[in-house]
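This report refers to the structure that appears directly beneath it.
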Amino acid sequence: MIQWILDRPIGRAIFIYTIMLISLALLAVIFSPVLIPLLVSFLFYSLLQPLTNKLLGRGFSKYSAISLVLIGLVVITVTVIVVLFPFLLDQIAELQSRLPSIWKHISAMVAELGNVLQQKAGVSFDPDTVVQRALEYLKQWGASTAMSSASSVMTIAMTLMLVPLITFFLLKDYQRVRNHVMSWLPNRGFELGWLTYYRVTSQLQKYLRGVMIQSLIVAMVASIGFWLIGVDMPVLFGVLTGLFNLIPYVGPLLAIIPPLIIALGEQSYSIGLLFGIPAVVLTAQLIDNLVVIPAVIANTVNLHPLVVLLGIVIFGAVFGFIGMLIAIPAMSVSKIVFNALIYGLQGKDFELA
C-alpha cells in the first residue's frame, strides 16, 4: 500500500511534504526559547535587505550599508517609542483607574436587565451570581497574567537584545548560507528549488510589508475616528484596532468590543457612542478594503476565504493570538511548497509568477 502511494507523484509529494512539516515542527521545538527573536529578526531582514542592496549598489561597503540601515531602524524605533508610548501608557493607566467604577456600573446594568427579564418574560436568574462568576473569571485571568508577566518581561528583554544582533548577521551572512544550502539540492531539483524559494520569499516580503502598512493606516484612521466621536483613550483603542486588523474577518469584531465595554461602563453613556464605535471600525475597514488592500496587498496571497477562516481558527486554537497572526503567511507558503513538489514530481514546469 505504501509503495503504491509512493509510486505516484501526489503520494510522493504528500510524503515529502509531511517530512518537511515534521522537521519544521522539531526545529520550532528546539529553537522555541529564541523563536520570537528569530521571527522578528527575519521580519526586519525582509524589510531591510532591499535597502541594504541599494546601498551596496551605490558603492557602500557591506559593513557600512548594514550599519546604516540598522542605525536607521534603531532611530525610527526609538522615535516611535518616545512619541507614541507616553500616550499609550497614560491611557492604559487611566483605564486601570476607571475599571472599578466601570465594573460597578456594568453590574448594575446586569441587575436591571435581570429585573426586566423577570417582569416581562418570566425569565429569572440571579444577577449577583452572574456578576460574581464573571468577576471570579476576571480575577483568575488577572492572576494568570500577573504570574506570566515576569516571563513576558524576560521575553521582551531577550528580544530587544537578540534582534539587532541576529538581524545584523542575517544581513551579513544569510545569502551566503542560503546559497550553500541550496547547493545541496540534486541537479534535477536545483531549478525547482530556486523557483520555489523565490516564490516563497517574494510573496512573504510583499505580504509582510503590506500588512505593516495596512495596520498602521487602520490604526491612524480608527484613532482619529474614536477621537472625533468622543471615545475615551482613542489612541489606545486605535492601536488595538490596527493590531486586530491583522486577523482577517474576526479582527474587526474583536476591535469593537473593548471601546464598547468602556462606553457601556460609563455612568451616563451616550447612545451615539454605541453606534459610533462600530461605525468608526466599519469606516476603517471600508478604507482598508477599498483603498489599502487593492493598492498594497492585492495578489500577495491566493487563498480561498473559507481556507483562511478555518486556518485562523485552527492556528488560533493551537498557538493563540500569535497563531492567528501567522496563519495566512504560513498557509500561503505551504501552498506554494506543496504545489512546487507536485509540479516537480510530475515533471511539469513550475511557473514563477
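Conditions tested, residue by residue: (1) at pLDDT 80 or above; (2) within 19 Å of the chain's Cα centre (by Cα); (3) basic (Lys, Arg); (4) not in a helix (DSSP H, G or I).
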residue	(1), (2), (3), (4)
188	no, no, yes, no
197	yes, no, no, no
206	no, yes, yes, no
213	yes, yes, no, no
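Here 249, 198 are screened, and the one residue that is at positive phi and either charged (D, E, K, R) or not assigned by TED's automatic domain parsing to the domain that holds residue 80 (or both) is 249. Checked against (1) closer than 30 Å to residue 101 by Cβ; (2) modelled with pLDDT of 80 or more, residue 272 meets all criteria but (2).
The values are calculated or read from the model by the stated rules, or taken from the named source; none is laboratory data. Treat the numbers as computed from the prediction; the structure is a model and nothing was measured. In this analysis, Cβ positions are derived from the backbone assuming ideal geometry, glycine residues included, and neighbour counts consider all displayed protein chains.
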